[in-house]
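S.K.: Sharing a structure here in structure tokens format.
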Amino acid sequence: MKVLLPIDKNEIVRRYKPVSFDTHKGIQGHAMIIAGSYGKIGAAVLATKSCIKSGCGLVTAFIPRCGYHILQLSNPEVMVVTDDVEKRVSNIAVGFHPDAIGLGPGLGMSPQTQKAVIHFLRKHYYPMVIDADGLNILAKNTEGLYYLKPKTILTPHLKELKRLIGEWLTEEEKWEKAIAFSLKYNLIIVMKGAPTYIIDGTDVYQNSTGNAALATAGSGDVLTGIITSLLAQSYTPLNAAIIGVYLHGLTADIALPDMGTQSFIASDIIAYLGKAFLSLEKA
């Protein structure tokens, strides 16, 4: 493995682009989040809310029909398109040209959904963040990896990473396999953990923010929304991943004196995003 490249505040400020005073929603990016299944619509709620809370001008959710009222009531700022099927995604229809797509949170693993995802990847070529069941679908349908746009961002935790690259016996073998996978498919891997690493071929970046409070349900869904938002705002995939991971961790660091670790939940990441962004503006 190459020398780790640290992600600290100075590095983030160098990559961060303050929002122009004369901007408007039409040029702040339009993201689509493809997520949710019966019992897991919360994943779509978290991903879309964090996406629009991270500066994206427009966010559209594509979800199963059962989640329509839930998402419209919880995130009134987000537009919603539903599948024809009630409880799962069965046929992904875009209907516009998104600047970036976040795919996977809470999708489930039904054969119908797997087929829909692979068909979508084969037909569409967008900047993309893939997480959760999106990763598990790729692990079971590896031909989908060849359909991805270069520098697509994958955000696995360690179990999801194992499904993608195979088991490893040592830390050294894990890094060798992860780097080889990134190189083979020309993908960026956000290896979630403590700390989180971003792998871009042979370049490996180590994040410096975050604490145990982030070990909570939905934390990864929020990260997907943040990175997708930055990608839609014309950040390069690498910068979107690096800044997104840093901000995600920073929310927990800012909240720690107020909330501790036990009471911090995924919705709190979103609540503290404003303060995290402000810290970059003041740098």
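Here, each number is a calculation from the coordinates, and none is a lab measurement. None of these values were measured; they are calculated from a predicted model. Note that each Cβ is placed from the backbone with ideal geometry, even for glycine, and that neighbours are counted across all protein chains shown.
S.K.: For every helix of n ≥ 4 consecutive DSSP H residues, a contribution of -39,500 (n - 2.57) applies; sum these over the chain, divide by its total residues, and give [θ] at 222 nm rounded to the nearest 500 deg cm²/dmol.
M.R.: Mean residue ellipticity at 222 nm (helix-derived): -13000 deg cm²/dmol.
S.K.: Tell me which residues come under 5 Å, amide H to amide H, from I34 once H is placed; ignore anything under 5 positions away on its chain.
M.R.: Correct list: F62, G102, L103, G104.
S.K.: Kindly put D203, D258 in sequence by how many other C-beta atoms sit within 10 Å of each C-beta, fewest to most.
M.R.: Ordered from fewest to most neighbouring Cβ atoms within 10 Å, D203, D258 come out as D258, D203.
S.K.: Tally the DSSP beta bridges in the stretch 5-281 and give the antiparallel ones as a percent, rounded to 5.
M.R.: Once the DSSP bridges in the stretch 5-281 are tallied, antiparallel ones form about 25 percent.
S.K.: Would you calculate the separation in nanometres between label points at T202 and V13, each defined as 7 Å from the Cα along the Cα-to-beta-carbon direction?
M.R.: 3.2 nm
S.K.: Could I ask something else about it? May I ask you to evaluate 6.51 cos²θ - 1.76 cosθ + 1.60, the Karplus curve with θ = phi - 60°, for each residue of the stretch 14-26 and list the ³J(HN,Hα) values in order in whole Hz, giving x for glycine and proline?
M.R.: For the stretch 14-26, the Karplus curve yields 5, 8, 6, 10, x, 6, 5, 5, 9, 6, 8, 4, x Hz.
S.K.: Any idea how far apart F96 and Y38 come out in nm if each label point goes 7 Å out from Cα toward Cβ?
M.R.: The modelled label-to-label distance comes out at 3.0 nm.
S.K.: What residue among W175, G260, G144 has its Cα farthest toward the positive end of the dipole of the stretch 5-281, where the charges are +1 on Lys, Arg and -1 on Asp, Glu, each on the Cβ?
M.R.: Positive-end residue among those listed: G144.
S.K.: Over the chain, what relative contact order in percent results from Cα pairs under 8 Å that are six or more residues apart?
M.R.: Worked out over the chain, it gives 22 percent.
S.K.: Given charges of +1 on the Cβ of Lys and Arg and -1 on the Cβ of Asp and Glu, with all other atoms neutral, how large is the dipole of the chain about its Cα centre, in debye to the nearest 20?
M.R.: For this selection, approximately 440 debye.
S.K.: Test of understanding: ordering M79, M32 by Cβ neighbours within 10 Å, fewest first, what list do you get?
M.R.: Taking fewest neighbouring Cβ atoms as first place, the list is M79, M32.
S.K.: Counting other beta carbons within 10 Å of each residue's own, what order do E160, E173 fall into, fewest first?
M.R.: E173, E160
S.K.: Apply the Karplus parameterisation 6.51 cos²θ - 1.76 cosθ + 1.60, with θ equal to phi minus 60°, to every residue of the stretch 197-213 and state each ³J(HN,Hα) to the nearest whole Hz, in sequence, with x for glycine and proline.
M.R.: 10, 10, 10, 10, x, 8, 8, 10, 10, 10, 6, 10, 10, x, 8, 4, 4
S.K.: Does a label point 7 Å from the Cα of T236, set along Cα-to-beta-carbon, have any residues of the stretch 125-139 with amide nitrogen under 17 Å, and which are they?
M.R.: 127-128
S.K.: Sticking with this one: Quick one: which residues, 5 or more positions from M128 or on another chain, have an amide H under 5 Å from its amide H? H modelled 1.01 Å from N in the peptide plane, none for Pro or chain starts.
M.R.: Hits under the 5 Å cutoff: I101, I153.
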